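To start, the structure under review is shown below, and the notes come after it.
The values are calculated or read from the model by the stated rules, or taken from the named source; none is laboratory data. Remember, predicted model here, so these are calculated numbers, not experimental data. Neighbour counts are summed over all protein chains in view; Cβ atoms, including those assigned to glycine, are modelled from backbone coordinates with ideal geometry.
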Amino acid sequence: MSHGRRVLQGALLWLWLVSGAVLAQQPGPTPTDGVPLRSSQPAVQVEPAPTTATAAPIERLFPKLTGRVVDTAQLLTPSAQVYLAQMLERLEQTTTDQVVVATVPSLGGHSIEEFGLQLGRHWGIGQKDKNNGVLLLVAKDDRKVRIEVGYGLEGRLNDIVAHFIIDGSIIPYFKDDLYSSGIIAGATSIVNVLSSTDPPRLVYRSVEKSWYQDIEWMWWFERLFYLVFVGVPLFGFLTQWRSGNDSPVVASDDSARRETRAERDAGSSSSSFDWFDSSSSSSSSSSDSFSGGGGSFGGGGASGSW
C-alpha cells in the first residue's frame, strides 16, 4: 500500500514539473492581448474644439445711443423717426420720463429679455435718482418685441399694461409688415400711460378696455370681410345660376367691381399712421444732444413675437 502511494506521488510531481517548464517557454503578454503596457511618454490631453453655436458677447451687439430713436434695423421711415423723437422729447420735458425706441437686426442668440435689460442699463435710460426709463425694443430677424420698464415706472407701466400694449397696439401691425405704424402705436400708448394723471388702477383699466375693444373690432371686421367678399359673391352666383343669366360680360364686370372694392377697402383699412412714408428725408434735431440720465432696470416689462 505504501509502495503504490509513493508511485502516485512521484507521478504527480513529474506532471507538475513538466507543466511548469511548458509555461515558462510561452511568450509574455503583448498590447494586442488586451493587457495594457506602461508607456514612458505622458498622456496627451485633447481639449474639445471651440463651438460656434455659443451666443456672441452681448455688449458687442449694442448699437450706439444716437438719440431717442435708434433704428439700426431700418424699420422706420424718416418721417416716422422725426415724429417719434419729437413726441418722446415732449414727454421728457413734461414728466422727465425717458423713452427710447430701438430696433436691432438680431439678438445674437440672446433672449430679448436679457438683451433689453442689459441694453437699458448700458444706455442708462431714465434719471439716475428716479429710474424712470422705458425701452421699446424690436428685433427684426428674431421677430420679437419687448417693452423694458425702469424701476421707478413699474408701478404705473406694469407688466400687464406692457403686455396689453404689445398685443393690442404693436403686434397686429407687425403681422402685416407695418413696422412704422406698429412702433408708433406702441410708443403712443406708452406715452399716454406715462403722461396720464389718473391713478395706476384707472390707467390699467383704460388700457385693458382699449385692448378688448381692438379685439372685438377685429372679430367683427373678420366676419364682415367674409360676408362681403365671400357671402355676397356666392349669393350673386347662385342668383345668376337660378335665373340662367350666365353672361360672361356680366361676370367679368362683377369681378372687376369686386377687385376695385377690395383695393379700396384695403386702402381704407390701413393705419392712420401710414402717412409716415419715405417721402420725408428730414431728421430729428434733438437726437444729437440726447443721452441717458443714468437710470437702471430690474427686468420689469413684457415681451411678444409675431
Segment 134-201: helices (runs of 4 or more DSSP H) wholly inside it with 1 or more residues that are under 29 Å from Gly294 (Cβ atoms) are 159-165, 179-195
What number goes with the only condition from (1) buried (at least 22 other Cβ atoms within 10 Å of the Cβ); (2) closer than 19 Å to Ser303 by Cα that Leu84 does not pass? (2)
Criterion first (at pLDDT below 95 and charged (D, E, K, R)) does Glu92 satisfy it? no
Residue count, segment 87-107, condition surrounded by 22 or more Cβ atoms within 10 Å (Cβ to Cβ) and part of a helix (DSSP H, G or I), comes to 1
In segment 128-170, anything surrounded by fewer than 18 Cβ atoms within 10 Å (Cβ to Cβ) and among the β-branched types (Val, Ile, Thr) is listed as Ile160
Within segment 60-74, is there a residue that is over 17 Å from Gly292 (Cα atoms) and assigned to a helix (DSSP H, G or I)? yes
